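Single-structure report; data block below.
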There are 2 protein chains.
Amino acid sequence: MADVARRAGVSMATASRALSNHPHVAEETRARVLAAAEQLSYVISPEASRLAGGATDRVAVVVPHISRWFFATLLEGLESVLRDADLDVLLYHVGDAADRRDFFQRLPARRKVDAVVVLGMPIAGGERDRLESMGVHIVAAGGQVEHYPSVSIDDAAAGRQAVDHLLFLGHRRIGMIAAIDPIEPGWPAGPGRARAYHEALIEAGLPVEPGLVVTVPWGGLSGADAMAQLLSLREPPTAVYAHSDEVALGAMRTLRRTGLRIPEDISVVGIDDHPMAELADLTTVAQPVREQGVAAGKMVLSLLAGAAAPGAVVPTRLVVRGSTAPPGSSPARSAAPRRGRR
Amino acid sequence: MADVARRAGVSMATASRALSNHPHVAEETRARVLAAAEQLSYVISPEASRLAGGATDRVAVVVPHISRWFFATLLEGLESVLRDADLDVLLYHVGDAADRRDFFQRLPARRKVDAVVVLGMPIAGGERDRLESMGVHIVAAGGQVEHYPSVSIDDAAAGRQAVDHLLFLGHRRIGMIAAIDPIEPGWPAGPGRARAYHEALIEAGLPVEPGLVVTVPWGGLSGADAMAQLLSLREPPTAVYAHSDEVALGAMRTLRRTGLRIPEDISVVGIDDHPMAELADLTTVAQPVREQGVAAGKMVLSLLAGAAAPGAVVPTRLVVRGSTAPPGSSPARSAAPRRGRR
C-alpha cells in the first residue's frame, strides 16, 4: 500500500480511501491510485481484507436474467448452499452493459459482501479490476470465466453429442439454429455450441452450407422464425440442431403449423433439458443446472474458509425422446392436412 | 415497552433484548416477554424502529420457489424497482414449512432489512407476530395475504374466464385438473380457481361430476397423469380446464400420445400465459406477472417513505390460441394413427 501511495504521490490514507472507493476522493486522484495499484499489481488479499473489515456474511450474486429457467435454477442451487451456511444472498440483476458497469462501479463503494458469484455471464477486464480491488472472492457458474474458478458444462462437447446423434441417425442435411444472447453476444456458450456443429460436419465429410445455419437472438419465438427461414430453402434440412431447448420448442411450433411431422419429416434436438422439453417429447442434451449452482456455492464456502476451490466442468448427456429419428422416406408434401398435426 | 416489561416481570432492557431476539435471553424469558407483548398487542412502528435502528437499505424477499417461471418473474419485476431505488435485495428461498419457520425465527435475531416482501405464499399467524415484532414493513405479491398490502390477480375471476370460454364454445362435459402446491396446500390460488369451475357449471345448469375433477400436485408431469386419469373415464370430457399452463402442457402431452387431436377431440385451457403456452398454441388466461413484482416494489417504496400502499388486484385476460374449439363431431376412435399426431 505504501508503494502504491508513493507511486501515486498521495498519502497512505488517501491511497487506502481511493482503493476502497471511499466517496470523498477526487476521481482524478482515485484514477491515479488505481493506476499505480495496477502497475504494481497490488491486490488486497481477501483474507486480509476480511480480517480487517470483518466478514459481512453476505454473498453477492450477479445474474443477467432472473426469470429464465436456466439462471433461476442456477440461483436456486446456489442459494440453497449459501443459506445452509448461514450466508445471506444479495441479488443483483444486471440486465445490460450499463447495469453491469453500474453494478461493478458501485459495489466497491461499500464493501458489503465477502464474495461475488457471477451466473452465466462473462467478466470484462475493467470489471475484474474493480472486483479485485474490493478484495472479495469471485466465483462463476453456468459458464467458463477466465481468471476465476468456474463451474460449467463443455459447450462444444454438448453440441457434439447433439449433432453426432443426428449424424448417427443418418441425417446428412442438418440445420443449426444458433441463439445468441443480445446482452452477452461474446459469451462462449454460443461459439462453443456452434463450433461443435462445424467440426462434426467436417469430420463426417459433409459440406457446411451457410444457408443451413440461422443465427437469432435467444428465445422461443426467435426459434420459430429461424425454423421458418430454414423451411424457405429450396431443400430444407431433414434435422435441426438448436442451441437451446426454448429455441427448439419454437422451431417445433413452426413445424406443427406447416403440418410437417416430427420426427418423420424433420428431427429436432436441443440443449439443456428444460422441464418443458420432457413435456414436448424433445430430444436434448441434458446439463445439470441446479448442480452447477450448488457447486458454485461450495466453491464460495471453500474460498471463505481459506481453502482452494478448483473449477469444474460438469458432464452433459443425450436424452433421447420422440423428436429425433432417421430421415423419413415420406416427403413433406404427402403429409396429411394440418388439422391432423397437433 | 415499559408495560410489556412490567407485565413480563423483567427489566426494560431485557424486554427490549427479548423483542429484538437478542441471543443472550433465556428462551423462557423471551417467551414470557413475547406473550406480554402480544397481550398488550405491542408493535414497534416501522418508522420508529427505522429511526432508532437506522435504515438498512435492504429488503428481504421470501419466495417458496426460485426456479419456477411465475416466482422468478415476480422476483425480476420486484428487483428492478428496488435496485432503481438503490435498495439491496436479500433473497430467501423457503422451500418448505421448516425453512419458513427457520426464516421467520432467525430474521428478527438481527434486524437487517427495512421491509419483507413475500412472493406467492401465505403468512401464518405466528410468522406475522415475528414479522411485526421486527418492526419492518411487509408486502405480499403473487397472491392475497391477509393483514398486509398485496398485489395479485383474482383467481376466481381468472378461473371463470377460462371455464366460461369453454362453456361459450358449447362444451358440456368439462374436466378440471386442479393443481395444489404441496408446500402451500392452503394457498388461496387453488381454492379460488376451483370455486370458479363449480360456480360456472352450476350457473350453466350443468351437473358437477366428481369424476371430471382431478387434483394433483403442481407440475407438468402431474398434469400428464391427471389427463390420463380423465381418459380412463367411460365418457371423457370434451374440454379440460387446468389450473396452470405447466399443468395444461402436461395434459397436452398425454393427448398427443393417445393420438387425440387438440382441439378437434379435446380442448385445453390453462391459466398464466407462461412463455411456453405461446409456443404450444395453448389458449390461456394471461396474468401480468412481472407487473405484480413491480407493483410490490412500488408499494415497498411508498411504505418506506411513510406513505400509504394500498393493495391491488391486477386484471387477467383470455388469450385464445389453437387449443380450444367447439366440441368436435369426430369421435376420438376415428383419429388417425399416432405417427401423424405430433
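The values are calculated or read from the model by the stated rules, or taken from the named source; none is laboratory data. Keep in mind that what you see is a predicted model, and the values were worked out from it rather than measured. Heads up, the Cβs are rebuilt from the backbone with ideal geometry, glycines too, and the neighbour counts pull from every protein chain shown. Calculation scope for accessible area: heavy atoms of the full protein, side chains included, ligands and nucleic acids excluded. Shrake-Rupley method; radii C 1.70, N 1.55, O 1.52, S 1.80 Å.
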Among residues of segment A:188-205 being assigned to a helix (DSSP H, G or I) and of a type in the set (A, V, I, L, M, F, W, C), the residue most open to solvent (accessible area, probe 1.4 Å) is A:ILE202
Among the residues of segment B:133-187, what is the count of those that are of a type in the set (A, V, I, L, M), over 26 Å from B:SER232 (Cα atoms) and open to solvent by 20 Å² or more (accessible area, probe 1.4 Å)? 2
Residue that is farthest from B:VAL151 (Cα to Cα) [pool: residues in segment B:26-64 that are outside any helix (DSSP H, G or I), touching a helix residue (DSSP H, G or I) at 6+ places or on another chain (Cβ under 6 Å) and at pLDDT below 75]: B:LEU40
Answer with yes or no whether B:VAL208 is surrounded by fewer than 24 Cβ atoms within 10 Å (Cβ to Cβ) and part of a strand (DSSP E or B). no
Could you please let me know if A:ALA124 is over 21 Å from B:GLY77 (Cβ atoms), hydrophobic (A, V, I, L, M, F, W, C), modelled with pLDDT of 75 or more and surrounded by fewer than 19 Cβ atoms within 10 Å (Cβ to Cβ)? yes
Tell me whether segment A:205-226 contains one or more residues that are within 14 Å of chain B (Cβ to nearest Cβ) and of a type in the set (Ser, Thr, Tyr). yes
Answer with yes or no whether B:THR238 is touching a His at 6+ places or on another chain (Cβ under 9 Å) and either under 19 Å from A:ARG253 (Cα atoms) or within 14 Å of chain A (Cβ to nearest Cβ) (or both). no
